[in-house]
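Enquirer: Can you read through this structure? Questions will come right after.
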């Protein structure tokens, strides 16, 4: 009860921040300033990024599933991530691939964990680049050295199997056994050729996510953001979207983007409308494709009911 009240209060604070000082007439005018060509280019960048995302899953599964299956699962999880808090949509990939294509839950769960490490690395790189424009260079150099050291130590830790000793310390038998199983499945996929491919593909995924933001805010709208400023927008949006406050980051995503854009000199009304349209574009695009996938496969949202109930 207290947790719900706190979340509600935080949401109301965010809502106040978003709407305070807003002029309705300027909001209406902002919708009319969207460039259709820039919007179309943004959609293309988003879809290509989804293709790269799907191919990454195919590679991590050692090509045991088709590209079609990977693409379907990625789109569906993207849709659920935009309507559920805390990235819970990731679970839908595991369920969908099991129910439709009979892929092992253990394998797909392990892959979901593995891909997050690659995402975390590229997000850390983008965060580092963004922070170069905020903090002192000396501090950032030290941070990058620390980050690289952590990655190296973790890699050696996993390679030597030391992590099993830590997993054995987990008090609950079911969690301990399942965690060790996930580790062994993940370790089988830690091959140099796979790591190299997934590393490059993940870089491509993040590049197109950055590009979709850059095209949208500079061509669908005319904010004239630099590359570094767009990187800051991307990093902030990803960080706030991971906060489990509201379904799909509604409100908190918009507050984060509006705060950054207004800091860069964009009118608050334009910033609000652009953040709303970008978030809505991703939700509608993935939602429409998800409906098409369910229709073609004769499935419904009911297949996830027990999980998200």
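The values are calculated or read from the model by the stated rules, or taken from the named source; none is laboratory data. Being a predicted model, the structure only gives us computed values, none of them experimental. Backbone-built Cβ (ideal geometry, glycine too); neighbour counts: all protein chains shown.
Enquirer: State all residues of segment 15-28 that are more than 26 Å from residue 286 (Cα to Cα), touching a residue at least 60 places away in the same chain (Cβ under 8 Å) and not in a loop (DSSP other than H, G, I, E, B); if no residue qualifies, say none.
Expert: Selection gives 17, 26.
Enquirer: Okay, moving on. Restricting attention to segment 30-59, report how many residues are in contact (Cβ under 8 Å) with a residue 24 or more places away in the chain and farther than 19 Å from residue 283 by Cα.
Expert: 8
Enquirer: Still on this structure, please answer the following. State all residues of segment 4-14 that are touching a residue at least 24 places away in the same chain (Cβ under 8 Å) and out of contact with any helix residue (DSSP H, G or I) (no Cβ under 6 Å at 6 or more places or on another chain); if no residue qualifies, say none.
Expert: Within segment 4-14, 7, 10, 11 meet the criteria.
Enquirer: Right, something else. Answer with yes or no whether residue 132 is modelled with pLDDT under 65 and touching a helix residue (DSSP H, G or I) at 6+ places or on another chain (Cβ under 7 Å).
Expert: Considered against the rule, which asks whether it is modelled with pLDDT under 65 and touching a helix residue (DSSP H, G or I) at 6+ places or on another chain (Cβ under 7 Å), residue 132 comes out as no.
Enquirer: Between 223, 210, which is surrounded by 15 or more Cβ atoms within 10 Å (Cβ to Cβ), touching a helix residue (DSSP H, G or I) at 6+ places or on another chain (Cβ under 6 Å) and in a helix (DSSP H, G or I)?
Expert: Going through 223, 210 in turn, just one is surrounded by 15 or more Cβ atoms within 10 Å (Cβ to Cβ), touching a helix residue (DSSP H, G or I) at 6+ places or on another chain (Cβ under 6 Å) and in a helix (DSSP H, G or I): 210.
Enquirer: Considering only residues that are surrounded by fewer than 19 Cβ atoms within 10 Å (Cβ to Cβ) and part of a helix (DSSP H, G or I), which ones fall in segment 60-89?
Expert: Correct list: 67, 68.
Enquirer: Further question: Looking at (1) touching a residue at least 12 places away in the same chain (Cβ under 8 Å); (2) outside any helix (DSSP H, G or I); (3) out of contact with any helix residue (DSSP H, G or I) (no Cβ under 6 Å at 6 or more places or on another chain), which is the one condition that is false for residue 245?
Expert: Answer for residue 245: the failing condition is (3).
Enquirer: Would you check if residue 258 is under 30 Å from residue 4 (Cβ atoms) and either part of a helix (DSSP H, G or I) or modelled with pLDDT of 90 or more (or both)?
Expert: When the stated conditions are applied, residue 258 passes them.
Enquirer: What's the number of the only condition in (1) exposed (fewer than 15 other Cβ atoms within 10 Å of the Cβ); (2) not in a helix (DSSP H, G or I) that residue 37 fails to meet?
Expert: Tallying (1) exposed (fewer than 15 other Cβ atoms within 10 Å of the Cβ); (2) not in a helix (DSSP H, G or I), residue 37 fails exactly one: (2).
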